[in-house]
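**Student:** I'd like to ask some things about the structure below.
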Amino acid sequence: MSEVYTEWRPNNSPKLLDLLDDTVPGIGTYEDFNTIDWVREKSKDRDRHREITNKSKQSTVALLFSISDAFSGWLLMLLIGLMSGALAGGIDIAAHWMTDLKEGVCLNGFWFNHEHCCWASNETTFQERDKCPQWKSWAELMVGVSEGPGLYVVNYFMYMCWALLFAFLAVILVRAFAPYACGSGIPEIKTILSGFIIRGYLGKWTLIIKTITLVLAVSSGLSLGKEGPLVHVACCCANVLCHFFTKYRRNEAKRREVLSAASAVGVSVAFGAPIGGVLFSLEEVSYYFPLKTLWRSFFAALVAAFTLRSINPFGNSRLVLFYVEFHTPWHLLELIPFVLLGIFGGLWGAFFIRANIAWCRLRKNTCLGHYPVLEVVVVTLLTAFLAFPIEYTRMSSSELISELFNDCGLLDSSKLCCYTSNSGSASGSVNATAANGLGARLVGPDLYTAMWQLALALLLKMIFTVVTFGMKVPSGLFIPSMAVGAIAGRLLGVCMEQLAIRHHEGDIFRGWCSPGADCITPGLYAMVGAAACLGGVTRMTVSLVVIMFELTGGLEYIVPLMAAAMTSKWVADALGRESIYEAHIRLNGYPFLEAKEEFRHKTLATDVMQPRRGDPLLSVLTESRMTVEEVERLIADTTYSGFPVVISQQSPRLVGFVLRRDLVISLENARRNQEGVVSMSPILFTECDPPMSPSAPPAVKLRSILDLSPFTVTVHTPMEIVVDIFRKLGLRQCLVIQNGRLLGIITKKDILKHMAQMANRDPDSILFN
């Protein structure tokens, strides 16, 4: 109990304390790892707004204050958008530079990445535009070798050294300064938005360390992305900025409206998709999303996208790296392979969730969890060792996806665009020699090599993504999942293309091909596959499709994306209802009531309430017959978050409910500031003072902290109704009565344990209330 007391410090409190008149510092706040009372927070905000409105009619100063209060929400959104956009731009630039640093350095300035270094060179050829005299590999710098096995060995060694250094720095910084900076952050943000308190998770240290270590983790070459953690970064920005605005600092429900908007900002800067970000917040993470929050989310996402566009981190005057322009329309029968990609995405999503949760549970329950630094170093070592020999795993996941989405054109020199003519001459372009007609699109030797390398890259990406997600470094899931789908889609796209060319006169493919034009666009298949795999893992649908067409600019390909996204969700849901984020919420034991999960069991409130038959009686307070000493002993002997108040032990008629934290702070405040309060002083929750002896010590009046209208249900209320009440009102607890007599209490933890028991899961996995 002393730990709770130390959280409060008196601020010039009056000599005589009457809680009916004065507000005590700390009253109405919450302890760590507890759930907020949504009903009380919304009621406090309505009272505050009503008071400001009434005062605004009395003076000009009050009117100006009312206007500034109404405008403060929009100002906060503007600041969140600017701050998040600036941080995202810096992360993109730094990650691009440090990723290239593993392979070499620019002589014109070490701060240039490979692409920017060669832009200014006049000695770069178009076929080898990634090679220029100003960019030197580590082998060329250290041993002066420009070709041969020595070049390969030195570059291989330096690649692994830089990867290990970046990953080691990331995990050490997280462990030392901000343990909450690891992971993606989206499962915890979903839980926080549902009303749970995790102190420090969105703090300034978490923001600083997550920003730095995110760059290091992405640059290390691990199979992770920065998109999920950027949602966490944006929410940290929002939480830090909320402290400058009184109405958001003092009200947890209002702050969660801001955090919902910040989630939209995170996706907006991660993908350059402001509309998709708003839909992502609405569909995936938000628990309470009023219409006002929708407008503010849109504004904040717009500001963030504009800020990122102004920084121009990719140097292409666009928000994203994956912008594509496909010139061939898709055919109706191509919906069949698109649906097959959706099935693959659903299977991959279900497999990934089960495999990753099994690995995380192994990490949690064995000695592996005691050595997070060693785990990160070993996984990085294996990833770098196996990734370097293969071109498509050596490059960053973002560059890989960009390469796979690309539609081969006349000027492309990629191996994925290396086709041959009928005569066998290699061609690096799509339309090589129109005289060869359709034969110019037959697979060449380099493309065969690229195909088996992609197949091997697909296998490695799948394995390393399973192992990497959940390690003690910032790790996102969007880009690795998209990479898996893009590889699978590109492989299927090339196969379909060759099938159409070789059977272009058949009944199925007749009219698809014409001389000098593409039959099929393999890049489109990569895009659809990326959407399918991301949907299978996250179970997103509407927001996913919007993000994909904002990400690529492929507006005319909405139907293939929709078909793949829906098929992926159906297949994944058939194999398991939870998304990866909900699975991690359950793994961590957070008290999260999923709105999508239906309660179908025919149980009653009496089956779930505490105490059960044979348990000790419910701990209650009486409205006028308990002393300070008795209440303090009850607080010391229990860990409950609050106590029902009844008329008396003999007549347990319900009066109200008081929170433990409010009670502790009020008693401590009364002992310090109210004259004559001793252990035998009576505690009063009554409206009128009962008759007392003149020699009796002064009473401590606590009626103002008493909730006089707690939510109640009867013992015969079906649990499906109780669950709906908890979901839709965001309750912490509900009291069970019969004919006005208090019989028990149901908390959110009791409901989650009951639901776990009904689903044949371990009810003790729910760790928090």
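**Student:** All but one of (1) touching a residue at least 12 places away in the same chain (Cβ under 8 Å); (2) more than 21 Å from Met540 (Cβ to Cβ); (3) not aromatic (Phe, Trp, Tyr) hold for Leu332; state the number of the condition that does not hold.
**Tutor:** Of (1) touching a residue at least 12 places away in the same chain (Cβ under 8 Å); (2) more than 21 Å from Met540 (Cβ to Cβ); (3) not aromatic (Phe, Trp, Tyr), only one is false for Leu332: (1).
**Student:** Could you pull out the residue among Glu550, Glu556, Glu505 that is open to solvent by 10 Å² or more (accessible area, probe 1.4 Å), part of a loop (DSSP other than H, G, I, E, B) and in the same structural domain as Gly489 (by the TED database)? Let's see the steps before the verdict.
**Tutor:** Working: Glu550 fails: part of a loop (DSSP other than H, G, I, E, B); Glu556 fails: part of a loop (DSSP other than H, G, I, E, B).
It is Glu505.
**Student:** Let me ask something additional. Under the condition of being over 15 Å from the mean Cα position of the chain (by Cα) and open to solvent by less than 30 Å² (accessible area, probe 1.4 Å), which residue from the range 577-597 is farthest from Phe33 (Cα to Cα)?
**Tutor:** Result: Glu594.
**Student:** Hey, another quick one. Name the residues in the range 205-220 that are in contact with a Lys or Arg (Cβ under 7 Å, 6 or more places away or on another chain) and either more than 15 Å from Ser84 (Cα to Cα) or assigned to a loop (DSSP other than H, G, I, E, B) (or both), would you?
**Tutor:** In the first step, residues of the range 205-220 are kept if they are in contact with a Lys or Arg (Cβ under 7 Å, 6 or more places away or on another chain); the result is 214, 218.
Within the range 205-220, Val218 is the sole residue that qualifies.
**Student:** Being modelled with pLDDT of 75 or more and assigned to a loop (DSSP other than H, G, I, E, B) is the requirement here; does Cys513 meet it?
**Tutor:** Numbers: modelled with pLDDT of 75 or more: no; assigned to a loop (DSSP other than H, G, I, E, B): yes.
When the stated conditions are applied, Cys513 does not pass them.
**Student:** Sticking with this one: Condition first: crowded, with 17+ Cβ neighbours inside 10 Å, among the hydroxyl-bearing types (Ser, Thr, Tyr) and within 24 Å of Ile737 (Cα to Cα). Can you find one or more residues in the range 606-614 that meet it?
**Tutor:** Yes, the range 606-614 contains a residue that is crowded, with 17+ Cβ neighbours inside 10 Å, among the hydroxyl-bearing types (Ser, Thr, Tyr) and within 24 Å of Ile737 (Cα to Cα).
**Student:** Among Ala163, Ala170, Ala176, which is the only one that is surrounded by 19 or more Cβ atoms within 10 Å (Cβ to Cβ), in a helix (DSSP H, G or I), over 21 Å from the mean Cα position of the chain (by Cα) and outside the structural domain of Gly730 (by the TED database)? Reasoning before the result, please.
**Tutor:** Details: Ala170 fails: over 21 Å from the mean Cα position of the chain (by Cα); Ala176 fails: surrounded by 19 or more Cβ atoms within 10 Å (Cβ to Cβ).
The match here is Ala163.
**Student:** Only one of (1) of a type outside the set (A, V, I, L, M, F, W, C); (2) assigned to a loop (DSSP other than H, G, I, E, B); (3) open to solvent by 60 Å² or more (accessible area, probe 1.4 Å) is not met by Pro698, so which one is it?
**Tutor:** Here Pro698 meets the rest and fails (3).
**Student:** Further question on the same structure: Only one of (1) part of a helix (DSSP H, G or I); (2) of a type outside the set (Ser, Thr, Tyr); (3) in contact with a helix residue (DSSP H, G or I) (Cβ under 7 Å, 6 or more places away or on another chain) is not met by Met540, so which one is it?
**Tutor:** Looking at each condition in turn, Met540 falls short on (1).
**Student:** Would you confirm, using the coordinates I've provided, whether Ser543 is touching a Cys at 6+ places or on another chain (Cβ under 8 Å) and at pLDDT 90 or above? Please lay out each step first, then the result.
**Tutor:** Working: touching a Cys at 6+ places or on another chain (Cβ under 8 Å): no; at pLDDT 90 or above: yes.
Against the criterion (touching a Cys at 6+ places or on another chain (Cβ under 8 Å) and at pLDDT 90 or above), Ser543 does not qualify.
**Student:** From the residues in the range 186-208 that are in contact with a strand residue (DSSP E or B) (Cβ under 9 Å, 6 or more places away or on another chain) and on the phi < 0 side of the Ramachandran plot, which one is most open to solvent (accessible area, probe 1.4 Å)? Full working, then the answer.
**Tutor:** So in the range 186-208, the residues in contact with a strand residue (DSSP E or B) (Cβ under 9 Å, 6 or more places away or on another chain) come out as 186, 188, 194-197.
Adding the requirement that they be on the phi < 0 side of the Ramachandran plot leaves 186, 188, 194, 196-197.
On the way: Ile186: 1, Glu188: 27, Ser194: 2, Phe196: 2, Ile197: 6 Å².
That would be Glu188.
**Student:** Sticking with this one: Only one of these is aromatic (Phe, Trp, Tyr), open to solvent by 50 Å² or more (accessible area, probe 1.4 Å) and more than 29 Å from Val303 (Cα to Cα): Trp119, Trp74. Name it. Don't jump to the end; show me each part of the working.
**Tutor:** Numbers: Trp74 fails: more than 29 Å from Val303 (Cα to Cα).
Going through Trp119, Trp74 in turn, the sole match is Trp119.
**Student:** Looking only at the range 649-664, count every residue that is of a type in the set (Ser, Thr, Tyr) and either touching a helix residue (DSSP H, G or I) at 6+ places or on another chain (Cβ under 9 Å) or open to solvent by less than 10 Å² (accessible area, probe 1.4 Å) (or both) and tell me the total.
**Tutor:** Here is the first cut: in the range 649-664, the ones of a type in the set (Ser, Thr, Tyr) are 651.
Subsequent filtering for residues that are either touching a helix residue (DSSP H, G or I) at 6+ places or on another chain (Cβ under 9 Å) or open to solvent by less than 10 Å² (accessible area, probe 1.4 Å) (or both) retains none.
Going through the range 649-664 one residue at a time, the tally reaches 0.
**Student:** Just checking, how many residues over the range 470-493 are open to solvent by 10 Å² or more (accessible area, probe 1.4 Å) and under 22 Å from Glu375 (Cα atoms)?
**Tutor:** Total satisfying the criteria: 2.
**Student:** Taking the conditions exactly as written (assigned to a loop (DSSP other than H, G, I, E, B), within 25 Å of Lys753 (Cβ to Cβ) and either open to solvent by less than 30 Å² (accessible area, probe 1.4 Å) or not small (Gly, Ala, Ser) (or both)), does Arg600 satisfy them or not?
**Tutor:** Working: assigned to a loop (DSSP other than H, G, I, E, B): yes; within 25 Å of Lys753 (Cβ to Cβ): yes; either open to solvent by less than 30 Å² (accessible area, probe 1.4 Å) or not small (Gly, Ala, Ser) (or both): yes.
Here the answer is yes, as Arg600 does meet what is asked.
**Student:** Between a first residue in the range 534-546 that is outside the structural domain of Leu282 (by the TED database) and touching a residue at least 24 places away in the same chain (Cβ under 8 Å) and a second residue that is surrounded by fewer than 24 Cβ atoms within 10 Å (Cβ to Cβ) and of a type in the set (Asp, Glu), which pairs have beta carbons less than 8 Å apart while being 6 or more apart in sequence or on different chains?
**Tutor:** Within 8 Å, the pairs are Thr538/Glu284; Arg539/Asp573; Met540/Glu283; Met540/Glu284; Thr541/Glu283; Val542/Glu283; Ser543/Glu283; Ser543/Glu284.
**Student:** So His504 fits all but one of (1) over 24 Å from Leu230 (Cβ atoms); (2) modelled with pLDDT of 90 or more; what number is the exception?
**Tutor:** (2)
**Student:** So which of Val628, Val645 is under 19 Å from Cys734 (Cα atoms), in contact (Cβ under 8 Å) with a residue 24 or more places away in the chain and not acidic (Asp, Glu)? Spell out how you get there, then give the answer.
**Tutor:** Working: Val628 fails: under 19 Å from Cys734 (Cα atoms).
On inspection, the qualifying residue turns out to be Val645.
**Student:** Give the residue that is modelled with the lowest pLDDT, with candidates limited to residues of the range 28-38 that are farther than 16 Å from Tyr248 by Cα and in contact with a helix residue (DSSP H, G or I) (Cβ under 7 Å, 6 or more places away or on another chain). Walk me through it before giving the result.
**Tutor:** Of all residues in the range 28-38, those farther than 16 Å from Tyr248 by Cα come to 31-35.
Remaining after also requiring in contact with a helix residue (DSSP H, G or I) (Cβ under 7 Å, 6 or more places away or on another chain): 31, 35.
Numbers: Glu31: 77, Thr35: 85.
Once the filter is applied, the top-ranked residue is Glu31.
**Student:** Condition first: more than 13 Å from the chain's Cα centre (by Cα), surrounded by 24 or more Cβ atoms within 10 Å (Cβ to Cβ) and of a type in the set (A, V, I, L, M). Now tell me which residues in the range 262-278 satisfy that.
**Tutor:** Residues satisfying the conditions are Val269, Ala273, Val278.
**Student:** Which is part of a strand (DSSP E or B) and surrounded by fewer than 19 Cβ atoms within 10 Å (Cβ to Cβ), of Leu743, Leu735? Step through it out loud before you land on a result.
**Tutor:** Numbers: Leu735 fails: surrounded by fewer than 19 Cβ atoms within 10 Å (Cβ to Cβ).
Residue meeting the stated conditions: Leu743.
**Student:** What is the residue count in the range 295-315 for residues that are open to solvent by 10 Å² or more (accessible area, probe 1.4 Å) and closer than 18 Å to Ile189 by Cα?
**Tutor:** Number satisfying all stated conditions: 0.
The values are calculated or read from the model by the stated rules, or taken from the named source; none is laboratory data. Keep in mind it's a predicted model, so treat the numbers as computed, not measured. Neighbour counts run over all protein chains shown; Cβ positions are idealised from the backbone, glycine included. Surface accessibility is based on the protein's heavy atoms, side chains included, excluding ligands, DNA and RNA. Shrake-Rupley method; radii C 1.70, N 1.55, O 1.52, S 1.80 Å.
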